[in-house]
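Notes follow the structure.
Derivation of every value follows stated rules applied to the coordinates shown; laboratory data play no part. Here the structure is a predicted model, which means the values were calculated and not measured. Counting neighbours? That spans all protein chains shown, and the Cβs are built from the backbone with ideal geometry, glycine included.
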Amino acid sequence: MEQANKPKKIPTRQCLGCNEHKPKKELLRVVRDPEGQVSLDFTGKKSGRGAYICHSLKCLKKARKSRRLEKSLECEIPESVFDHMEEELEADE
């Protein structure tokens, strides 16, 4: 008995800025590595605790204002790191 071809399940994640659920590949991963450094992960393959935001500056600023990234990554994030992430996101757009 053959199995019917089921459609492949697409993993979704929630954006911490706009709270929308989107396919994982459409979102940008923010990662806290084992050393405690927070950075943007454009590949989605860095090791560490991850959180997701849309590829938009608006969502990053919303997540920054509401401190959702800090709650999700379970650490304090310095302002300089947020500024650097905003610059990287602007360069990527």
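Values as computed for the structure displayed
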| item | result |
| --- | --- |
| Matching residues in segment 40-69 - criterion: being over 22 Å from P11 (Cα atoms) and either surrounded by 18 or more Cβ atoms within 10 Å (Cβ to Cβ) or of a type in the set (S, T, Y) (or both) | K62, R64, S66 |
| Selection from segment 16-39 of residues that are closer than 18 Å to E90 by Cβ and either within 9 Å of the chain's Cα centre (by Cα) or exposed (fewer than 13 other Cβ atoms within 10 Å of the Cβ) (or both) | L27, L28, R29, V30 |
| Pick from segment 11-30, criterion assigned to a strand (DSSP E or B) and in contact with a helix residue (DSSP H, G or I) (Cβ under 8 Å, 6 or more places away or on another chain), ranking: farthest from S72 (Cα to Cα) | T12 |
| Pairs where the first residue, in segment 61-79, is over 15 Å from D33 (Cβ atoms) and the second is assigned to a helix (DSSP H, G or I) and of a type in the set (F, W, Y), C-beta under 7 Å, 6+ apart | R64/F82 |
| Odd one out for D83, checked against (1) under 14 Å from the mean Cα position of the chain (by Cα); (2) part of a helix (DSSP H, G or I) | (1) |
| Search result, residues across segment 38-70 that are of a type in the set (K, R), in contact with a Leu (Cβ under 9 Å, 6 or more places away or on another chain) and either assigned to a helix (DSSP H, G or I) or more than 20 Å from K24 (Cβ to Cβ) (or both) | K62, R68 |
| Some residue of segment 83-93 being within 12 Å of C18 (Cα to Cα), in contact with a helix residue (DSSP H, G or I) (Cβ under 9 Å, 6 or more places away or on another chain) and either crowded, with 17+ Cβ neighbours inside 10 Å or free of Cβ contacts under 8 Å to residues at least 24 places away in the same chain (or both) | no |
